[in-house]
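Everything on this sheet refers to the single structure shown next.
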Amino acid sequence: MITIFTPTYNRKKEIKKLYESLLNQTSKGFEWLIVDDGSTDKTKEFFLLLEKQHLPFKIRYIYQENSGKHVAYNTAIKNMKTEWHVVVDSDDILFEKSIEIFEMRIQEIENDMIGLIFPRKNLDSIDISPWIEKKIPMNIPDIKFKFGLNIETCIVINNKYIKKFQFPKFKDEKFMSEESLYYYLADYGKFLPFKDQVYGYRYLEDGWTKNLFRIWEENPLSTLYSLKMRKKYIQKHVKGLKKTKELIKVSMNINSLEWLNEKSFKKYIKGKSIKQWFYVPIFFIFKKIRFERKK
C-alpha cells in the first residue's frame with residue numbers, strides 16, 4: 001500500500017481539488033496522510049468532517065504548530081504505516097490512474113531500488129516536459145546534474161530507507177529544501193525513471209518556487225545546510241566540466257548567503273583562506289544580484 005502524504009498550510013480551497021482527484025482513482029489501495037502545518041483557514045474543520053465520512057480510501061489528519069513543510073515531512077515519516085509513499089502538495093492533483101500506475105511500476109523494479117521517478121505535468125501548459133528516455137537507475141540529483149533537466153518530478157519512495165531520516169530544524173526558520181533528503185538517499189540506492197503522466201501541478205504566486213531567493217534569505221541556516229550537502233554530492237558524484245561548473249555555482253550561493261547572514265563583511269571574512277579572499281569581489285556582485293535587487 002502507498003501513503004499519499006500532503007503537507008498543507010492555508011490551502012483549504014486548493015486541497016479540495018486534490019481530494020476530488022483521489023476520489024477518482026481507479027485503485028483505492030492507498031492512505032491519505034495530511035499534516036496541517038498550522039492552517040488558520042478552517043482546513044482542520046474540513047478534514048475532521050472528511051474523517052467522519054465513509055470514504056473509499058483511508059485518511060488520517062495530523063495538526064501541528066506552524067513549523068514549515070520540512071517539519072511536516074518529519075511528522076509524516078514518524079506516522080507512515082505503509083511500505084511506500086509519495087508527496088503530493090495540497091495545490092496539485094494526481095491523474096485518474098496514478099495509484100494504479102504506481103502499483104504496477106513498483107512490481108517492475110528490483111528489490112534493491114529505493115523508488116520511482118516520474119515527470120510532473122504543468123496543468124497551465126500544453127508543452128510536454130523533456131524526460132529521460134531510458135530506464136537507467138539513478139539518484140534524484142542526477143536528473144539535473146547528469147541529464148541537465150531542471151524540472152518538477154513526482155517521486156515514490158520505499159519507506160524502509162527513510163525511517164531514520166529527519167530534516168534538521170533551525171530556530172525561527174520554516175523552510176528547508178527536500179533536496180537534503182535526496183542527498184541522504186543517494187547513499188542507500190537508486191531510483192528508476194518512468195515517463196507515465198501521473199501528477200499535475202500549477203505554480204502559485206505565493207509558492208516557494210516563485211519566491212526562492214526571498215525564502216533563502218529568510219531561512220539562511222536551513223538553506224546553507226542544503227547547499228553544503230549539494231556541494232558534497234557534486235564532489236562525490238558529478239564528473240568532468242559539469243562538476244567544475246556546478247561547484248562554482250554552489251560555492252557562489254554558499255558564500256553570498258554566508259555573507260548576507262553575517263550582516264557585516266568583517267564577520268563574513270573572518271577565518272576565510274587567502275584563496276577565498278581572491279573571490280570576494282565576485283561573491284559581492286553575486287550577493288547583490290541574488291538577494292539585494294529582489295528587495
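The values are calculated or read from the model by the stated rules, or taken from the named source; none is laboratory data. Keep in mind it's a predicted model, so treat the numbers as computed, not measured. Here Cβ is always computed from backbone atoms with ideal geometry, including for glycine, and neighbour counts include all displayed protein chains.
Details
- Matching residues in segment 97-116 - criterion: being surrounded by 15 or more Cβ atoms within 10 Å (Cβ to Cβ), outside any helix (DSSP H, G or I) and either of a type in the set (Lys, Arg) or free of Cβ contacts under 8 Å to residues at least 40 places away in the same chain (or both): LYS97
- The condition (being in the same structural domain as TRP32 (by TED's automatic domain parsing), farther than 20 Å from LYS69 by Cβ and modelled with pLDDT of 95 or more) is satisfied by just one residue among LYS134, LYS160: LYS160.
- First in segment 72-93 and farther than 21 Å from LYS17 by Cβ, second anywhere and aromatic (Phe, Trp, Tyr), Cβ under 8 Å, 6 or more apart: TYR73/PHE5; TYR73/PHE167; ASN74/PHE167; ILE77/PHE165; MET80/PHE5; THR82/PHE30; TRP84/PHE102
- In segment 20-30, the condition of being part of a loop (DSSP other than H, G, I, E, B), closer than 24 Å to LEU204 by Cα and of a type in the set (Gly, Ala, Ser) is met by no residue.
- Scan of segment 53-63 for residues that are of a type outside the set (Val, Ile, Thr), within 22 Å of VAL156 (Cα to Cα) and surrounded by 15 or more Cβ atoms within 10 Å (Cβ to Cβ), ordered by number: PHE57, LYS58, ARG60, TYR61
- Among the criteria (1) at pLDDT 85 or above; (2) surrounded by 15 or more Cβ atoms within 10 Å (Cβ to Cβ), the one PHE283 does not fulfil is (1).
- Residues of segment 121-132 satisfying the condition of being in contact (Cβ under 8 Å) with a residue 60 or more places away in the chain and within 19 Å of LYS146 (Cα to Cα): TRP131, ILE132
- Within the option set ASN74, ASN66, being exposed (fewer than 15 other Cβ atoms within 10 Å of the Cβ) and in the same structural domain as MET138 (by TED's automatic domain parsing) holds for one residue only, ASN66.
- MET80 being more than 20 Å from ILE143 (Cβ to Cβ) and touching a strand residue (DSSP E or B) at 6+ places or on another chain (Cβ under 9 Å): yes
- Of the candidates SER256, SER251, SER180, the single residue that is under 29 Å from ASP37 (Cβ atoms), small (Gly, Ala, Ser), at pLDDT below 95 and surrounded by 15 or more Cβ atoms within 10 Å (Cβ to Cβ) is SER256.
- Cβ-Cβ distances below 9 Å connect the following pairs, each with a first residue in segment 193-207 that is over 18 Å from MET138 (Cβ atoms) and among the basic types (Lys, Arg), a second residue that is surrounded by 15 or more Cβ atoms within 10 Å (Cβ to Cβ) and at pLDDT 80 or above, and a separation of six or more residues or different chains: ARG202/GLU14; ARG202/ASP91; ARG202/ASP92; ARG202/ASN122.
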